[in-house]
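Throughout, read-outs are computed from the coordinates displayed, never taken from laboratory work. For clarity, every value in this text was computed on a predicted model and none was experimentally measured. Note that we place each Cβ from the backbone using ideal geometry, even for glycine, and neighbour counts take in every protein chain shown.
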């Protein structure tokens with residue numbers, strides 16, 4: 001994957017279920033549907049709409065953060081269309097690994 005410039009999230013707004021419009025310090029915006037990546041121990045709990053809605057800007061690091069400490073690198077958010085295929089691939093590997101562990105322990 002290519003390396004992208006450092007990005008900083010400056011604002012966001014809820015625009016739909018699991019979907020945020022995110023603004024960046026370079027003037028760009030991304031409308032991100034997070035639902036495909038809400039899986040696993042960190043991001044899975046964000047499927048709870050009440051928890052997802054508690055997103056905020058981190059005061060120390062310019063990105064989005066949730067009460068369970070889930071966050072995304074701001075460059076990932078800025079260049080979401082480019083990162084999404086890699087995130088989905090990683091999720092499939094996690095699912096496969098989790099299934100393997102469950103099968104072995106059964």
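What the table shows:
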read-out	value
Alpha-carbon Debye profile of the chain, log10 I(q)/I(0) at 0.09, 0.14, 0.16, 0.24 Å⁻¹	-0.25, -0.58, -0.73, -1.42
Efficiency of FRET between residue 53 and residue 91 - r from beta-carbon atoms, R0 22 angstrom, step 0.05	0.50
Relative compactness, the stretch 52-102, computed as alpha-carbon Rg over 2.2 N^0.38 Å	1.40
Average Cα contact separation per residue, the stretch 1-60, under 8 Å, 6 or more apart, as relative contact order %	24
Average projection area in nm² (convex hull over Cα atoms of the stretch 1-63, one quarter of hull surface)	5.2
Stretch gain in nm, segment residue 10-residue 28, where the contour uses 0.36 nm per residue and the Cα spacing is subtracted	5.5 nm
